Amino acid sequence: MILQIKNLTVEYAAGVKALDGVSFDVRENEILGIIGESGSGKSTLAYSLLGLLPYDCKKNGGIIFNGTEIISLTDKEWQKLRGGKIAFITQDAASSLNPVLTIGYQFREILKCKSAFGSDREAGAIISDSFKKVRLFDVGRVTNSYPHQLSGGMLQRVCIAMAIALSPQLLIADEPTSSLDITIESQIVNLFKELRQQLSLTVLFITHNLGLVKVLCDRAVVLKAGRVKEIQETSGLFAAPRDEYTKSLISSLKELE
Ligand SMILES: Nc1ncnc2c1ncn2[C@@H]1O[C@H](COP(=O)(O)OP(=O)(O)O)[C@@H](O)[C@H]1O
Ligand SMILES: [Mg+2]
């Protein structure tokens, strides 16, 4: 078990209980889907696992990563874990990059703040190796490009490359394909499958799209209003959903199909 979440409750200062007694385990090397409608607490869950919640929110329960309780780490300890053993990708890659700096410059800055390399040559090697892992083979062009010179799909690959550069164990992807065209979306979904295999990554794949869970995830956690409604192997979830809410999600997916 790489990650155990135990009775996690998160309440924002405004009084909104975004997570309410959430418990589940994440197995090593699986792709675990977190599925739920907008506002169900998916991003709050991601931020809890990355130490990115606002200071003034109340959190209770346990988050055990590799056997260590991490819910109350210090800022410094979080900084080490984040982008190190636990990596993060968000929905809108393009806007998380700085438009006036080249991709290569931004990548080196990330490595620098993680003290990940000794020489420029070493940084170059990590960057080109990461780009190849995400199937960006024209390393020179990508490195020298500004974000506007690359397509949305390429930018998302760049962000994934930045996330996996330091060999994380756990990759948290919060709606990583939601802003992409459907053809690009399926390419990125396939990339997640490859990376899991190649890098023995564990992936927490957050989405509101049940269709993606079906094609990508080994198991899924169904979240509604901050509570876990159901956890199952994906095949079982679709063949024999146990919860009424899961049933309604599946029947709306079938209508679409
Ligand atoms: N910083 C915040 N302050 C107060 N409430 C918040 C904050 N962020 C999210 N929420 C509320 O918490 C709930 C869960 O939000 P979120 O985790 O973003 O859900 P999701 O990612 O599934 O759409 C929502 O009701 C949302 O309005
Ligand atoms: Mg969200």
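Only the coordinates and a few stated rules stand behind these numbers; no lab work does. If you're wondering where the values come from, they're calculated on a predicted model, not measured in any experiment. Neighbour counts are summed over all protein chains in view; Cβ atoms, including those assigned to glycine, are modelled from backbone coordinates with ideal geometry.
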Kindly provide the set of residues from region 18-52 that are more than 18 Å from F88 (Cα to Cα) and surrounded by 17 or more Cβ atoms within 10 Å (Cβ to Cβ), ordered by number.
A18, L19, V22, F24, G36, S40
Hand me the list of helices (runs of 4 or more DSSP H) wholly inside region 1-98 holding 2 or more residues that are out of contact with any strand residue (DSSP E or B) (no Cβ under 8 Å at 6 or more places or on another chain).
75-81, 93-96
So is F192 aromatic (F, W, Y) and under 20 Å from the mean Cα position of the chain (by Cα) or not?
yes
Qualifying positions in region 210-236 - of a type outside the set (D, E, K, R) and closer than 30 Å to G15 by Cβ:
A220, V221, V222, L223, A225, G226, V228, I231
Any chance you could count how many residues in region 233-249 are buried (at least 16 other Cβ atoms within 10 Å of the Cβ) and assigned to a helix (DSSP H, G or I)?
6
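Consider D138 carefully, then state whether it is free of Cβ contacts under 8 Å to residues at least 12 places away in the same chain and under 28 Å from R108 (Cβ atoms). Give the derivation first.
Details: free of Cβ contacts under 8 Å to residues at least 12 places away in the same chain: yes; under 28 Å from R108 (Cβ atoms): yes.
So D138 passes the test.
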Any hit, region 123-143, residues being under 25 Å from N209 (Cα atoms) and either within 16 Å of ligand 2 (Cβ to nearest atom) or part of a loop (DSSP other than H, G, I, E, B) (or both)
yes
Residues in region 34-54 that are more than 10 Å from ligand 1 (Cβ to nearest atom) and touching a Lys or Arg at 6+ places or on another chain (Cβ under 7 Å) total 2
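Just to check your reading of the model, which residue among K58, K85 is closer than 29 Å to L216 by Cα and of a type in the set (K, R)? Walk me through how you get there before you give the answer.
Details: K58 fails: closer than 29 Å to L216 by Cα.
Result: K85 is the single residue among K58, K85 that is closer than 29 Å to L216 by Cα and of a type in the set (K, R).
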